[in-house]
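Visitor: Before I ask anything, let me first share the structure, which is written out below as structure tokens.
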Number of protein chains: 2
Amino acid sequence: MRFTSEQRLDDGVLEREFTLGEVPGILWTPGSASAPAPLILLGHPGGLHKMYPRLVARARHSAAEGFAAATIELPGSGDRPRSAAAEQARADLRRALEAGEPVDDAIVDRLVLPLVEKAVPEWQAALDALLPLPGIGGPVGYSGGVIAIGTRLAVVEPRISAAVLFAGSFVPRALFEEARRVTIPLHVLLQWDDEGNDRQRALDLFDAFGSKEKTLHANLGGHTGVPQFAGDAAAQFFTRHLS
Amino acid sequence: MRFTSEQRLDDGVLEREFTLGEVPGILWTPGSASAPAPLILLGHPGGLHKMYPRLVARARHSAAEGFAAATIELPGSGDRPRSAAAEQARADLRRALEAGEPVDDAIVDRLVLPLVEKAVPEWQAALDALLPLPGIGGPVGYSGGVIAIGTRLAVVEPRISAAVLFAGSFVPRALFEEARRVTIPLHVLLQWDDEGNDRQRALDLFDAFGSKEKTLHANLGGHTGVPQFAGDAAAQFFTRHLS
């Protein structure tokens, strides 16, 4: 892990950009930390630059609760090399959505499954690099982003103790089997009128999760319309489980 | 309205039993109130004595937020005269549940619709009597109990500004039409594994509500298993809308 830039934000949060091999990422740590901070991994749909305003807002929110936050670029997004197969699947998906057609499971599989396969080990490598840093302790939470990545991480990565998942992306059928193996506390956000999301499949996925503590917060509005109070509730979930 | 008893609870909350005509009720007011308090109407499934431990816990929780709380007995419950038709419907419902049969809509209608017709004007009369009392101001919230009563109240009673509804009781088909006319902010609790509740109908009802702000909080567990943090979240909803 190599830090490439460092700046102090106006609320005292330290923001550091890094690269981990060829994967760029950002780490935010609270300005005043007496003890090593728990860490929240900030998931996103890909494209660190485009997502930066929302990511930094979530990181500041986390820092105010005493948590460090970190994110890395997804494979095939931002400045990372594209995969021809993923680009083809994305084009097929766009075409189906624009035509108002139901999205074929095969397209979702071609788009999401290779992404999960590549991304999950990278998030695990990021954890390997981040947790030994001074000021960062644990436990670790995973928040948002592609729900298939969050689900796989929750299954395979024992250092993650709790997750906020966003039921706002396409869910491969194969994910339901994995969902049953998730046992950590989950807080699932669902935007009731999300244009690009199948509500029934999101509810079925919530039902499938094996966790003893799981909560679904459904709110009115589209994909990017998560209300402020729903963000606050997700933050409280982490405070309850990571503090 | 006639007060029949008065006691100060250990946390300073003043508990007063009253009768309003032939309807018994209980009013709780915060120990220290500088300004007139908002009022939360505490719904319940019927049977004030049996429900008292849970009601007083909810009232203390409300008082700690600076809210007064009040409840009245439902028609046909507790010490109030039984209705032969309602008792018959209740027996038919029990028989269907014990036999593991789907509950016929006609049974739900016979049980719930007359209850709504009688109960709603009584809650409105309680508001008439409670709001002029010293120390009680408004706005008013309605919380829990039979969801058909809460829904009707939200439609017909303009003094109610926000409601926490519990999707844990049978929903007559006719209620869906009313639900579309609800416009106040709603916070709906759903116990995902509620034995006596049709989950799909609860989700359909949430979908039907006309409110621009509506949130569904679904949690694992059965009818009486609402987790502590879900109660806290409902309290925060009232703090946001009634304070």
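The values are calculated or read from the model by the stated rules, or taken from the named source; none is laboratory data. Here the structure is a predicted model, which means the values were calculated and not measured. Virtual Cβ from ideal backbone geometry, glycine too; neighbours counted across all protein chains shown. For the accessible areas, the whole protein counts, side chains as well, though only heavy atoms, and no ligand, DNA or RNA atoms are used. Shrake-Rupley method; radii C 1.70, N 1.55, O 1.52, S 1.80 Å.
Visitor: Using Cα springs under 10 Å in a Gaussian network model of chain A, which residue among A:L220, A:L127, A:L190 shows the largest mean-square fluctuation?
Guide: Highest fluctuation among the options: A:L220.
Visitor: Against the 2.2 N^0.38 Å scaling, with N counting residues, where does chain B land? I'd like the Cα-based Rg ratio to two decimal places. Before the final figure, lay out each step's value.
Guide: Values: Rg = 17.2 Å, N = 243, 2.2 N^0.38 = 17.7 Å.
Ratio of Cα Rg to 2.2 N^0.38 Å: 0.97.
Visitor: If you don't mind, another one. ³J(HN,Hα) across segment B:7-21 via Karplus (A = 6.51, B = -1.76, C = 1.60, θ = phi - 60°), whole Hz, x for Gly/Pro?
Guide: With coefficients 6.51, -1.76 and 1.60, one gets 8, 9, 6, 5, 8, x, 5, 8, 10, 10, 8, 9, 10, 10, x Hz.
Visitor: Distances from B:D193 to the same position in the other copies: list them in nm, one decimal, shortest first, using label points 7 Å from Cα along Cα→Cβ.
Guide: Distances between equivalent label points, in nm: 3.4.
Visitor: Which residues, if any, in segment B:199-221 have at least 30 Å² less accessible area in the whole protein complex than in the isolated chain, probe 1.4 Å?
Guide: Flagged in segment B:199-221: B:L203, B:F206, B:D207, B:K214, B:T215, B:L216, B:H217, B:A218, B:L220.
Visitor: Still on this structure, please answer the following. Inter-copy label distances at A:R82, 7 Å along the Cα→beta-carbon direction, one decimal in nm, shortest first?
Guide: Shortest to longest, the spacings are 7.4 nm.
Visitor: With springs connecting C-alpha atoms under 10 Å apart, model chain A as a Gaussian network and identify which of A:Q124, A:Q191, A:Q200 has the largest mean-square fluctuation.
Guide: Highest fluctuation of the listed residues: A:Q200.
Visitor: For the protein assembly as shown, what is the accessible area per residue in Å² when the probe is 1.4 Å?
Guide: Values: 20790 Å² over 486 residues.
Per residue, the protein assembly as shown has an accessible area of 43 Å².
Visitor: Once amide H atoms are built 1.01 Å from N in the peptide plane, which residues 5 or more positions from B:K214, or in another chain, come under 5 Å H to H?
Guide: Under 5 Å from the amide H of B:K214: A:L220, B:L186.
Visitor: For the protein assembly as shown, report the translational diffusion coefficient in µm²/s to the nearest whole number, using Stokes-Einstein at 20 °C, 1.002 mPa s, and a Kirkwood Rh over Cα pairs. Show your work: numbers first, answer last.
Guide: Numbers: Rh = 24.6 Å.
Reported coefficient: 87 µm²/s.
Visitor: Collect residues whose amide H, placed 1.01 Å from N in the peptide plane, falls under 5 Å from the amide H of B:I136; neighbours closer than 5 in sequence don't count.
Guide: Those qualifying (amide H under 5 Å, at least 5 residues apart or on another chain) are B:A37.
Visitor: Run the label-point distances for A:L131 please: 7 Å along Cα to Cβ, every other copy, nanometres, shortest first.
Guide: Label-point separations across copies, in nm and ascending: 5.8.
Visitor: What residues in segment A:223-240 lose 10 Å² or more of accessible surface when the other protein chains are added to their chain alone (1.4 Å probe)?
Guide: When all protein chains are present, A:F229, A:Q236, A:R240 each give up 10 Å² or more of accessible surface.
Visitor: Too long at a 31 Å Cα-Cα cut-off: which of A:K118/A:K212; A:K212/B:K214; A:K214/B:K118; A:K212/B:K118; A:K212/B:K50? Intermediate results must be reported in sequence, preceding the final value.
Guide: Values: A:K118/A:K212 29 Å; A:K212/B:K214 26 Å; A:K214/B:K118 37 Å; A:K212/B:K118 40 Å; A:K212/B:K50 29 Å.
Going by Cα-Cα distance, A:K214/B:K118; A:K212/B:K118 fall outside the 31 Å limit.
Visitor: Here is a further query. For the pairing of chain A with chain B, what total accessible surface becomes buried, with a 1.4 angstrom probe, in square angstrom to the nearest 100? Could the numbers behind the result be given before it?
Guide: Numbers: alone 11220 and 11220 Å², together 20790 Å².
Approximately 1600 Å², summed over both chains.
Visitor: How large is the helix-only mean residue ellipticity at 222 nm for the protein assembly as shown, computed as the sum of -39500 (n - 2.57) over DSSP H runs with n ≥ 4, divided by its residue count, in deg cm²/dmol to the nearest 500? Intermediate results must be reported in sequence, preceding the final value.
Guide: Values: 14 runs with 196 residues, N = 486.
Helix-only estimate at 222 nm: -13000 deg cm²/dmol.
Visitor: Among DSSP beta bridges lying fully in the protein assembly as shown, give the percent that are antiparallel, nearest 5. Display every interim value, and only then the final one.
Guide: Numbers: 39 of 85 bridges.
Of those bridges, close to 45 percent are antiparallel.
Visitor: Between the alpha-carbon centers of segment A:107-153 and segment B:9-32, tell me the distance in whole angstrom.
Guide: Comparing the Cα centres of segment A:107-153 and segment B:9-32, I get a distance of 53 Å.
Visitor: A follow-up question, please. Given H placed on each backbone N at 1.01 Å, which residues far from B:A162 in sequence or on other chains put an amide H within less than 5 Å of it?
Guide: When sequence neighbours closer than 5 places are left aside, the close amide H contacts are B:Y142.
Visitor: Could you look at segment A:67-198 and say what percent of its accessible area is carbon and sulfur, using a 1.4 Å probe and all protein chains?
Guide: Details: 2940 of 5290 Å².
After summing per-atom areas, the C and S share lands at 56 percent.
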